[in-house]
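A short write-up of the structure that comes next.
The numbers here are math on the coordinates, done by the rules we state, and not lab data. Everything numeric in this text was worked out from a predicted model, so none of it was measured. A quick note on method: Cβ atoms are made from the backbone with ideal geometry, for glycine too, and the neighbour counts reach across all protein chains shown.
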Amino acid sequence: MGIGNLQNCPRCERLFVTGIYDVCPVCVKEIEEEFKRCVQQLKLNKNLTIYELSEAAEVSVRQITRFIFERRLLASDFPNLSVPCESCGKMTKVGRVCIECREGLQKSLNHNENQINPPNDKGFGYHSKK
Ligand SMILES: [Zn+2]
Ligand SMILES: [Zn+2]
């Protein structure tokens, strides 16, 4: 904890002095390079998906996801740049989890307070012939 302590870099395992970044200086530099490569590829083709971008820029999907969460890359600027929802894996632009999962989360949070709507059990087609 605090500044001046030694810690292992989560990215490359190198020992480094904790500073304003959570990775070592070598990785900070590399991440900058990776960011530049992403921007470059997106300039060439703004329709890239995160996977295509990862391949073209040789940057891991995880790192690109981070750029997007840090808002260094604005997913909204690129039609196909979305990230997999952390909960269901569906591609989303809105954050770590997609809108459906976010709503589901909110619902389960409010679960105890409001009256719960009765489950929709009529005509659900359980016995329906296919
Ligand atoms: Zn490192
Ligand atoms: Zn989801």
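Go through the range 77-85 residue by residue and turn each phi into a ³J(HN,Hα) via Karplus (6.51, -1.76, 1.60, θ = phi - 60°); whole Hz please, and just put x for glycine and proline.
Each residue of the range 77-85 in turn: 7, 10, x, 10, 8, 10, 10, x, 4 Hz.
Nearest 0.05, what FRET efficiency do Glu58 and Arg96 give at R0 = 25 Å with Cβ-Cβ as r?
0.55
In debye to the nearest 20, how big a dipole does the range 1-73 give about its Cα centre with +1 on each Lys and Arg Cβ and -1 on each Asp and Glu Cβ?
220 debye
Which of Arg71, Arg96 comes first, and how do the rest follow, when ranked by fewest Cβ neighbours within 10 Å? Could you put the intermediate results ahead of the total?
Numbers: Arg71 9, Arg96 15.
Arranged by neighbour count, lowest to highest, Arg71, Arg96 become Arg71, Arg96.
Amide H to amide H, which residues 5 or more places from Met91 or on other chains are under 5 Å from it, using H placed in the peptide plane?
The answer is Cys85.
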